[in-house]
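Everything on this sheet refers to the single structure shown next.
The values are calculated or read from the model by the stated rules, or taken from the named source; none is laboratory data. These numbers come from a predicted model, not from an experiment. Methodologically, a virtual Cβ is constructed for each residue, glycine included, from the backbone with ideal geometry; neighbour enumeration extends over all protein chains shown. Calculation scope for accessible area: heavy atoms of the full protein, side chains included, ligands and nucleic acids excluded. Shrake-Rupley method; radii C 1.70, N 1.55, O 1.52, S 1.80 Å.
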Amino acid sequence: GWRLFPQLSLLLQFVLKHKEFAHLREVKVFPNALNPHKEESRALVKAMIDQVMALHEDVTWFHIGCDEVYYLGEGEESKQWLQQQDNTLEKLCLSHIKAVASCVVSSYPTVTPIVWDDMLRGISEETLAESGVPQLVQPMIWDYAADLDVEGKVHLIEKYRRCGFSKVWFASAFKGATGVNQSLTLIGHHLKNHLRWLQVASSSPADVLEGIALTGWQRYDHFSVLCELLPVAIPSLAVCLQALKNGGYSEKIKENVEKLLGMSNLETDTFMSTSLGTFPGSNILTLVTQVSFYLKSSVDELLERNRYVTGWFSPYHRKRKILHPIIVHHFQPDALSLLAKWNAVVQDLQAAMEQVFHECTVEEWMEENVHPSLQKLQQVVDDLDKA
């Protein structure tokens, strides 16, 4: 069955960026990783776990994160710890995972902790087996590539089994992972990723796979810009879920997805879906597609490739308010009609987004994707008026 479960990413940027928690950073200037030696760090993680569990009392699994822990081992306390005999970065990482997982299990005995597997991949079988971590957690193997190495994943699963992990999870992506400021989802990329994961599943022992998590990124990390919005990626989610459910993808499954989404023509190999769709949020997809494909290009076409603008209303003319009156007739109507058209589209998009997103998300998306071109166009219209 499909379910959502909490994930506590121990990248912890969203906590460590605040000055009241800055003293718990592994490296003072980077809010990426937690200092694993401080008692207060454990208390913070414990408080976060308790808060999440208070809202999700019936969960069976708890994802404790632990991926991409850059700079672990580079704090002063870690450096001292690593100078002691037999202490290694791998052991430091494993002891921290063990501490957090134990924290979950001791307070919530029916819950199984999950960890991202990237910090475990390079660790020897012997070190993993001796750490006691395999008895506590289930690793989630993540790979979002369209050309995922199936054979490599099968070997990795075998390694994890030999170390003592009872089950593994897979993590795919139905949006995100293809570009940090991506605004439209290329369904084909994500479909291929899921078809590869199906191959990994069919090449692995039947009892080893606990499940697959379809990740849908809102941004690459806590400090980066927004990537694709959820409504934009719902067709991709539908395609990926249907591929997993049916063990593959065919014309018949495609037709079924189109029927479910109310779309007459679902493109997987390009970004252009010509039909509108009737699924919730489909109006956002339609308007975002218009903005992504045509806003910048239409404004650039008018301002950078129109001979009347480049020849008779250049930045030099605009600054000095020099204007040949005939030029106004050649150019102003086009500028005004383009501005009116885009203002109407953006108004519709703003209204549609406000129904599903917090106002700060709408503001951020507009500032990133709309304002640069729209303001450029508005400025030219204003300069024409002044001149």
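Table for the structure above
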| read-out | value |
| --- | --- |
| Long-range HN-HN contacts of Ala213 with modeled amide H, under 5 Å | Phe170, Ala171, Ser172 |
| Rounded percent of accessible protein surface that carbon and sulfur make up, segment 1-113, 1.4 Å probe | 53 percent |
| Environment charge at Ser124 (Cβ cut-off 12 Å; Lys +1, Arg +1, Asp -1, Glu -1) | 0 |
| Helix-derived mean residue ellipticity, 222 nm - over the chain, DSSP H n ≥ 4, -39500 (n - 2.57), to 500 | -16500 deg cm²/dmol |
| Degrees between helix 359-369 axis and first principal axis of the chain (Cα, 0 to 90, nearest 10) | 60 degrees |
| Segment 143-279 - accessible surface per residue (Å², probe 1.4 Å) | 44 Å² |
| Placed amide H near Phe62: partners under 5 Å, 5+ positions off or other chain | Thr112, Ile114 |
| Considering only segment 143-279, percent of DSSP beta bridges that pair antiparallel, nearest 5 | 10 percent |
| Accessible area of Lys341 in the full protein assembly, 1.4 Å probe (Å², nearest 10) | 100 Å² |
| Nearest-10 value in Å² for the accessible area of Thr278, using the 1.4 Å probe | 110 Å² |
| Protein accessible area in segment 282-386, 1.4 Å probe - carbon and sulfur % | 52 percent |
| Heavy-atom surface of segment 282-386, accessible at 1.4 Å and reported per residue (Å²) | 58 Å² |
| GNM top mover of Trp217, Trp81, Trp61 - the chain, alpha-carbon springs below 10 Å | Trp81 |
| Amide proton proximity set for Asn35, modelled H, under 5 Å, gap of 5+ | Arg25, Glu26 |
| The chain: angle of helix 187-202 to the longest principal axis, Cα-based, in degrees nearest 10 | 20 degrees |
| Derived scalar couplings ³J(HN,Hα) [segment 236-253; Karplus, 6.51 cos²θ - 1.76 cosθ + 1.60; whole Hz; x for Gly, Pro] | 5, 4, 4, 4, 5, 5, 5, 4, 5, 5, 9, x, x, 9, 9, 4, 5, 5 |
| Pairs of alpha carbons in segment 282-386 whose separation is greater than 23 Å (percent) | 34 percent |
| Per DSSP, loop trypsin sites (Lys or Arg not before Pro) in segment 39-132 with at most 13 further Cβ within 10 Å | Arg121 |
